[in-house]
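**Q** Below is a structure I'd like to ask you about.
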Amino acid sequence: MAGTAVRGRLIWQVATVATVTDETDAVRTIALDLPDWPGHHAGQHLDVRLTAEDGYSAERSYSIASADGEPVAITVERLDDGEVSPYLTQELRPGDQMEIRGPIGNWFTWGPHDGGPLLLIAGGSGVVPLRAILRHRQRSGSNVRARLLYSSRSLEEVIYRKELDEYRGSAQVRYTLTRRQPPGWGGFAGRVDDAMLARIAWPASQRPLAFICGPTPFVETVAGLLVARHYPESRVKTERFGGA
Amino acid sequence: MTSPVSRGFHRLSRPGDAQAGKLPPGQHVTTDFPVLSAGPTPHTPLQEWSFSIRRGGKTLRTWTWAEFMDLPAETVTVDIHCVTRWSKLGTVWRGVPVPVLLDQVAHDARYVLAFSDGGYTTNLPVKDVTGGQAWLAFDYDGQPLPPEHGGPARLLVPHLYFWKSAKWVRGMELLDHDQPGFWENYGYNNYGDPWREQRYAGD
């Protein structure tokens, strides 16, 4: 049972930035060297603490972007009025240090033993923990069937697009673009609605396991639609981003 | 251990800084009202809603929504602190003090396990839900509490991290011995005092 995994105190440890990779104009993946990392499961998150020269410190939580067994990476979206995300996405460079503790959260996680079929539904940067799940599924050779529906404002704002497209051999990956679609766009357009779910969601009779992550109104809507499609509430796992 | 300096990181002057003394360690002020929950939002019609106090699997007392509305309520202004690090200051709620409910059953329980629609539970010492520290809240900011924030009624226990303020609450199980609830079983702290930064198991 996943609930027994985290016991004992989570200790802050010093992390060194290994690489930074720009995913989109506003989103960056930061890979970290963490010598004493205890390992994590796809879908978990961690805490970041930054300390300024004057001793001021700020803490934030971020989803882990990497799969089980991989070095820790986080993917951060810049919020222009934020204090931490502009630093992480613009100023940070390899060799810089920060403090990390984790992994945290044993609910919004998936491993091959959890089964499926998997329905992953992402809004914007909510794709981060779902990418970790898909990546873990791929790396572990799991044959659990999986579908990802990813809602993004535009194609340019899709995070991990190249990697997600590579999963198309074994998983169904579909995008819906809510604000702007390129000419000839063959994917979905507009916000996730019941008609879209009718085409992508596994029938409830297959006992699917759903993970939804994104902004609160997005998660509220999608979770409600899945329950209306008779998904059991206990198999609809959600993670919501507030506006904070 | 001394924290290493994160090169180039500086404090920004932000709205809410003036209230910094009201912030527990590691928290920052938000003016939004973020939502955190593990699954879909339940929508229980008021005519089907009830609140029960149970012990050992037996229901000791149940209130319908109409009966609950007849109980004495009060308006409180409190600061709330989410374990995900946002705090919201000066929030205004209306609710029934938890002792108004608990005092209607004779008991010597030391702990309660609050239970909610959707299967969510959270555990609290009785001493933390009495003495003007906890309410069963049904209004937020002068309006009926919206479902995504836990309506029709949620616990409000503002001196602990906000996951203890169970949304969609439908009752309390009285216990002699402490029993971890949902998040407490998934790695979060058993008690959750924000001023001692008890976020996770072992903090």
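Laboratory data are not the source of any read-out in this text; all were calculated from the coordinates shown. Since the model is a prediction, treat every value here as computed from it, not as a measurement. FYI the Cβ positions are ideal-geometry reconstructions off the backbone, even for glycines, and counts take in every protein chain you see.
**Q** For the range B:63-114, what number results from the quotient of the Cα radius of gyration and 2.2 N^0.38 Å?
**A** Rg over 2.2 N^0.38 Å, computed on Cα atoms: 1.46.
**Q** While we're here: Taking the 0 to 90 degree range and rounding to the nearest ten, how far is the long axis of helix A:127-139 tilted relative to the main principal axis of chain A, both from C-alpha atoms?
**A** Around 80 degrees separate the two axes.
**Q** Follow-up. May I ask you to list the residues of the range A:139-160 whose amide nitrogen lies under 18 Å from a point 7 Å from Cα along the Cα→beta-carbon direction of A:ARG199?
**A** The answer is A:147-155, whose backbone nitrogens lie closer than 18 Å to the label point.
**Q** Fewest first, what order do B:ILE53, A:ILE30 take by the number of other Cβ atoms within 10 Å?
**A** Listing B:ILE53, A:ILE30 from fewest to most nearby Cβ atoms yields B:ILE53, A:ILE30.
**Q** Given only helices, namely DSSP H runs of n ≥ 4 each adding -39500 (n - 2.57), what is the per-residue ellipticity at 222 nm of chain B, to the nearest 500 deg cm²/dmol?
**A** -1000 deg cm²/dmol
**Q** Taking chain A on its own, what percent of its Cα-Cα pair distances exceed 23 Å?
**A** In whole percent, the long-distance tail amounts to 49.
**Q** Excluding same-chain residues fewer than 8 positions from A:LYS237, which lysines have a Cα within less than 28 Å of its Cα?
**A** A:LYS162, B:LYS88, B:LYS164, B:LYS167
**Q** Once you list every other residue whose beta carbon is under 10 Å from the beta carbon of B:LEU155, what net charge do they have if Lys and Arg are +1 and Asp and Glu are -1?
**A** Around B:LEU155, the surrounding residues sum to +3.
**Q** Which residue fluctuates most in the GNM of chain B (Cα springs below 10 Å): B:PRO45, B:PRO144, B:PRO158?
**A** Of B:PRO45, B:PRO144, B:PRO158, the most mobile in the Gaussian network model is B:PRO45.
**Q** Antiparallel DSSP bridges in chain A: what percent, to the nearest 5?
**A** Percent antiparallel among DSSP bridges in chain A is about 50.
**Q** Sticking with this one: Take every Cα-Cα pair in the range B:70-203 and report what % of them are more than 17 Å apart.
**A** Pairs farther apart than 17 Å: 56 percent.
**Q** OK, next. Using all alpha carbons of the protein assembly as shown, what is the percent of pairwise distances in each 20 Å bin, ordered from the shortest bin to the longest?
**A** In whole percents, the pair-distance histogram is 25, 56, 19, 0.
**Q** Here's a follow-up. What percent of all Cα-Cα pairs in the range A:112-241 falls into each 10 Å bin, going from 0 up to the bin containing the maximum distance?
**A** Each 10 Å bin holds this share of Cα pairs: 13, 48, 34, 5, 0.
**Q** If you add up the charges near B:ARG54, with Lys and Arg at +1 and Asp and Glu at -1, over every other residue whose beta carbon is less than 10 angstrom from its beta carbon, what do you get?
**A** +2
**Q** Report the Cα-based extents of the range A:2-104 along its three principal axes, largest first, to the nearest Å.
**A** So the three principal-axis extents are 38, 32, 24 Å.
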